[in-house]
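Here's the structure we're looking at; comments come further down.
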Amino acid sequence: MWNITRKNVAANKIRLALTALAIVLGVGFISSANILSDGLRDSFGSLAAEIVQGTDLSVSRDADVPLGQAELDRLNAIDGVRVANGGYGTEDVLPIRADGTVVRPNGPPVIANSWSTDEQLNPTTIETGRAPEGPGEWVIDKDSAEREGFTVGQTYELIVPTADGFTTAELVGTFRFGAENQTNGATLMAFETNEAKVLFDRDNFGGIDIAVDGSRPIPEVKADIEAAFGADYLVQDTADLNAETTAEFNSFISVFAWVLRSFAIVALFVSIFIIANTFNIVMSQRVRELGLLRAVGATPKQVRRAVMGEALVVGFVASIIGLFVGLGLAYALEAFLNALGAELPPFGKPLSIATILIGMGVGIGVTLLSAWVPARRAGMTSPVTAISGHDASSVATGRRSIIFGALLSTVGAALTGVALFGGIESTPTLLGMLGGGAALLFIGITLLSPLVAAPISRALGAPIAKIYNRPGVLAKENAARNPKRTATTAAALMIGLSLVSMAFVVGQTLKNDLNELLETTVKADYAAFPQGDGMVPIATVDAMEASPELGTVVGMKYWGTEIVGNTPLSGAEIDDDLGYVEVSTLDLNKIDEVLNLDLVEGSYADITDDTMAMYESVADDLGVGMGDTVQVMLADDSFIDMEIVAIFADGNIFEGALVTEARWDSIGDQENYDWVATTIADGSTAAQADEAIATIASDFPQIAAQSALEYREEISGQVDNLLFILTGFLALAIFIAFIGIVNTMALSIFERTRELGLLRAVGMTRNQMHKMVRWEAAIVSSVGALLGAVVGIVFGVLVVVATPDYVLNNLSIPWLSLAGLVAAAGIAGLIAGFLPARRAGKLNVLQAIADA
Amino acid sequence: MTMLDSPTFAPTTSVAAYAAAATKIYGDGDTQVTALDSVDVSFPTGEFTAIMGPSGSGKSTLMHSLAGLDRLTSGRVVIGDTDLSTLSEKDLTLLRRTKIGFVFQAFNLIPTLTAAENISLPLDLGKAKADNDWIDEVVRAVDLGERLDHKPNELSGGQQQRVAVARALASRPDVVFADEPTGNLDSQTGAAILDFMKRAVQQYRQTIVMVTHDPVAASYADRVVFLADGRIVDELRQPTTDTILAALRSSSQH
């Protein structure tokens, strides 16, 4: 008896450790998200304070109104204003190093500003050299100068958003930002104000900063400005500016933190299954002991409390360890993201009270939640079981949990369905419904999956039984013998893999749609795109036209503007929050040479300066059609009537409306192109054209030029990268699921001690026993992966169907990748089975038999 | 049941298994216990031997050592012509698979395998070609009919033990060890199992060594060996329940 007790404790040690590990990892991830966001928030908070320091008031445009020299003069005339200073800023200026390479933002931005001559309004201070005083001069922050190798007194080329695309300027000085040039990794540059206006291609000031003279209280000055300028201008004081800047940083930080958190939530959700399963198995193994407790007078409540107490201890200890793991993870994540090129600013890793409370609360809460059902079941143990040894675990399975599972699945599916197809506008509600629906669906499927676990296990195990004969047969039958246990263990894996599979389906569909779109609509041989956020300069188009190897060159421009039809816009075609429609243009005479747009009605020839072609779903949304007239907002905020003379099919390269170049110039305010398409000239070979394009691309580092095939490959690659990153994040949940497999296998082996002893006695070698256990683990994990793939395909199909056709259209399922995923899960199961298998192999035959 | 009616007696002179100076000591120092004290015993081929003795007499230890489940402190055990003390763990396992059969008191069968699969388990674990005629004969002798394709939990206790005996015989081992094979059965079912074992010895010249403390069970054997305090203290040939009881009385006074 002592022997059994000792073994019980030993088995429990491993069980407790493995159970705790799931919690440790989940709490660790949640905590690291909190630690990272706290640290980044502190760091960016002080940056925000430094940026706005010295600016007493600031005026910016809140509508399409002018903000130029006239407004500056009016502000300077207001009583109490010491100086008003208009400034420009852009991220479209990139300096070129002496060796010809471009300084590109890889994480922190490269920002160019106009130089403020007023000391109070300028957060930077000249360190070496002098300030920029006119055309052809620039300054850079001292750390960037050193890092990128820029020397004061030298002349450099810079990429600028003008028609030429380049400018040449002498570096006349370096500066520091704030006291210690704490730019959080950003590269800062400055130009003289009028030069900045030209180089940044600006009509209006980005904002006007004001320093007061102290003769009147700031709120009074603010009120005067507001009265003079009206509601179209936004007037902010230092506190407003600080709050705005901080909020901008924080929204970026919280997106980042919520991405981390949502993966941690998936991982913790998976942990619930594992912990519940572990407690369930252990309780059924301890049924005699529990029966004895009941027989000697323990009430169900006392037994339940004893089990919950155990869960509390596990949850508490694991959560504390998890907090420290979170701290470690925060450092590791910082290093990892920096290694990827994010160059995060240096930041502290504070373990705040909130982080501790959330981590402990979530960890302990999840453990208690998981132990609740097993504890209730333990409490209901009949005292008779102490004598009869009746297995309590087999009682509670059956119809009730099937009905409950069906109910949960239905509610979950309904919630998910409403979320996907119900046209819900609010993103948090949508995400909440999707997440909640998916969670219910997962629990429901888990409760239902014992119905299919045994046949699936047998089907998957059949080839193994063929190959490995008796150990294979036993592996198969062992996986099938307790469908509920196999199902719960597999469910943990199902969750992670269904999300991965869904992403695979959506990703594959996206790739195919893009490929098809490009294949059918683009006739051009090459496309030139801006690198990063910029534009393709006119000079690039000129260079392409001048190249004899290249044929037709067509530049495209997009601009969002308001279009009024018969009904207001509601769908996702809206370009941004303002309800704008994207209006595109290109040389309509050459359109057939580079594009093959699917015209439903009308023809290009009918498009004049007062007519347009419209995208089908936008026209539907606006309640207009062929021959109808819509009002289009011009750059000066006036509206003109335009007739619709052509309609494009859905799934085209342009998303809104198509107008002539002349008309576009009165709508949009942009000289350079969004992208440029070109063809191989008649009489030139593809190789010659390739070379010509490559030369132009190296002359204009602000663009990337690719052949149609290269472009398609790049898009495929980008989708693949996204899938890879997503899978990487879900790896935590998948890893925890494998811990669950190890855990269940270890417990099953403990349970089957006598049986394993018998097998060894009648001649099963250790090697065969290893195989048997490892293949059982492989079958269980394959069952989970298969269920996950099926659920993931269903989810993926729903997402594709629910998403508008011009985003996701022709469903395509990557069968091969999904099969690979299931196979990989099987292999991982073999690996997960390693430790339990070793344990089974080490079994003392004599003791195992004596334990009967 | 044809084989019952065809006597195949042959005098047995060869030895299926034997132990020489078999000694097993557990623990050390003050807590040292001598479970087997230099035991010499041999089991001729085609003989049904019962080992009896009070609790702690060493009968289980003797059987486990003979069966290659436990290793002796000193002395040796030979099965057929193989000295177990020289074997590696793996070779011991392979020997158990092919040369030794087991019947335990309870829990003899793998719950996930059918009766038929349980019977052929030791053979299926190996790659060696099974002797199908022999297997067929054993399966017929078990007389389970359609129940052969049933899982153990669908069989009665007596049926389960018959399957266990058939499993032990399936590889035509040098010797079958049975540890209280009828201990969990009522006397009638137990008698049927013992008959089955006895037939196996008489008809197929199998060698069976059975540990029991039931004199009725022991009376089915050709010979009874009595153990006390780790030593062989008595031996009976062609025993009856009465002679066994008498021997037990005298050995307990011993």
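The values are calculated or read from the model by the stated rules, or taken from the named source; none is laboratory data. Given the structure is predicted, the values throughout are model-derived calculations rather than measurements. We place every Cβ from the backbone using ideal geometry, glycine too, and count neighbours over all the protein chains shown. When the accessible area is computed, the model is the full protein with side chains, heavy atoms only, and any ligands, DNA or RNA have been set aside. Shrake-Rupley method; radii C 1.70, N 1.55, O 1.52, S 1.80 Å.
Any idea which residue in the range B:88-113 is farthest from the other protein chains (Cβ to nearest Cβ), counting only those that are open to solvent by 30 Å² or more (accessible area, probe 1.4 Å) and of a type outside the set (D, E, K, R)? Applying the filter and picking the extreme gives B:Ser88.
Every residue, every condition in (1) within 14 Å of chain B (Cβ to nearest Cβ); (2) more than 27 Å from A:Pro471 (Cβ to Cβ); (3) among the polar types (S, T, N, Q); (4) in a helix (DSSP H, G or I), yes or no:
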site	(1), (2), (3), (4)
A:Phe729	no, yes, no, yes
A:Val742	no, no, no, yes
A:Ala746	no, no, no, yes
A:Gly757	yes, no, no, yes
A:Ile793	no, yes, no, yes
A:Leu798	no, yes, no, yes
A:Asn809	no, yes, yes, no
A:Leu821	no, no, no, yes
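The set of residues from the range A:155-182 being in a loop (DSSP other than H, G, I, E, B) and surrounded by fewer than 22 Cβ atoms within 10 Å (Cβ to Cβ) comprises A:Thr162, A:Ala163, A:Asp164, A:Gly178, A:Ala179, A:Glu180, A:Asn181, A:Gln182. If you go through the range B:228-240 and pick out every residue that is over 20 Å from the mean Cα position of the chain (by Cα) and over 22 Å from B:Thr61 (Cα atoms), you end up with 0. Considering every residue within the range A:162-172, establish whether at least one is in contact with a Lys or Arg (Cβ under 6 Å, 6 or more places away or on another chain) and modelled with pLDDT of 90 or more. There is at least one residue in the range A:162-172 that is in contact with a Lys or Arg (Cβ under 6 Å, 6 or more places away or on another chain) and modelled with pLDDT of 90 or more. Evaluating A:Ala490 against the criteria (1) within 14 Å of chain B (Cβ to nearest Cβ); (2) crowded, with 24+ Cβ neighbours inside 10 Å leaves one unmet condition, (1). Filtered by the rule that a residue be without any contact (Cβ under 8 Å) to a residue 24 or more places away in the chain and open to solvent by less than 20 Å² (accessible area, probe 1.4 Å), the range B:70-87 gives a lone residue, B:Leu84. Residues of the range B:68-77 include at least one that is in a strand (DSSP E or B), under 20 Å from the mean Cα position of the chain (by Cα) and over 21 Å from B:Gln203 (Cα atoms).
Inspection of the range A:231-245 identifies at least one residue that is in a loop (DSSP other than H, G, I, E, B) and either open to solvent by 30 Å² or more (accessible area, probe 1.4 Å) or in contact (Cβ under 8 Å) with a residue 60 or more places away in the chain (or both). Inspect the range A:461-474 for any residue being buried (at least 19 other Cβ atoms within 10 Å of the Cβ), within 14 Å of another protein chain (Cβ to nearest Cβ) and under 25 Å from A:Arg399 (Cβ atoms) and give the result as yes or no. No, there is no match, as no residue in the range A:461-474 is buried (at least 19 other Cβ atoms within 10 Å of the Cβ), within 14 Å of another protein chain (Cβ to nearest Cβ) and under 25 Å from A:Arg399 (Cβ atoms). Flag: A:Val783 does not match the condition of being open to solvent by less than 30 Å² (accessible area, probe 1.4 Å), within 14 Å of chain B (Cβ to nearest Cβ), hydrophobic (A, V, I, L, M, F, W, C) and out of contact with any Gly (no Cβ under 7 Å at 6 or more places or on another chain). Just one of A:Tyr711, A:Tyr673 is at pLDDT 90 or above, of a type in the set (Phe, Trp, Tyr) and open to solvent by less than 70 Å² (accessible area, probe 1.4 Å); which is it? Sole residue among the options that is at pLDDT 90 or above, of a type in the set (Phe, Trp, Tyr) and open to solvent by less than 70 Å² (accessible area, probe 1.4 Å): A:Tyr673.
Cβ-Cβ contacts under 6 Å between residues 6 or more apart (or on different chains), taken from a first residue in the range A:451-473 that is touching a residue at least 24 places away in the same chain (Cβ under 8 Å) to a second residue that is surrounded by 17 or more Cβ atoms within 10 Å (Cβ to Cβ) and charged (D, E, K, R), are listed as A:Gly461/A:Lys476; A:Tyr468/A:Lys771; A:Arg470/B:Asp124; A:Pro471/A:Lys771. Determine whether A:Val384 is of a type outside the set (D, E, K, R), farther than 30 Å from A:Arg147 by Cα, outside the structural domain of A:Phe729 (by TED's automatic domain parsing) and surrounded by fewer than 15 Cβ atoms within 10 Å (Cβ to Cβ). Yes: the conditions hold for A:Val384. Of everything listed in (1) outside any helix (DSSP H, G or I); (2) acidic (Asp, Glu); (3) within 14 Å of another protein chain (Cβ to nearest Cβ), the single unmet condition for A:Asp533 is (3). Number of residues in the range A:252-268 that are over 14 Å from the mean Cα position of the chain (by Cα) and open to solvent by 40 Å² or more (accessible area, probe 1.4 Å) equals 1. Annotation: A:Ile218 fulfils all but one of (1) within 36 Å of the chain's Cα centre (by Cα); (2) closer than 21 Å to A:Glu119 by Cβ; (3) open to solvent by 50 Å² or more (accessible area, probe 1.4 Å); the unmet one is (1).
Yes/no per residue for (1) within 27 Å of A:Glu91 (Cβ to Cβ); (2) touching a Phe, Trp or Tyr at 6+ places or on another chain (Cβ under 6 Å):
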{"residue": "A:Asp650", "(1), (2)": "no, yes"}
{"residue": "A:Asp669", "(1), (2)": "yes, no"}
{"residue": "A:Asn672", "(1), (2)": "yes, no"}
{"residue": "A:Ile696", "(1), (2)": "yes, no"}
{"residue": "A:Gln706", "(1), (2)": "yes, no"}
{"residue": "A:Glu713", "(1), (2)": "no, no"}
{"residue": "A:Gln718", "(1), (2)": "yes, no"}
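Once the range B:153-192 is narrowed to residues that are open to solvent by less than 30 Å² (accessible area, probe 1.4 Å) and hydroxyl-bearing (Ser, Thr, Tyr), the residue that is nearest to B:Tyr220 (Cα to Cα) is B:Thr182.
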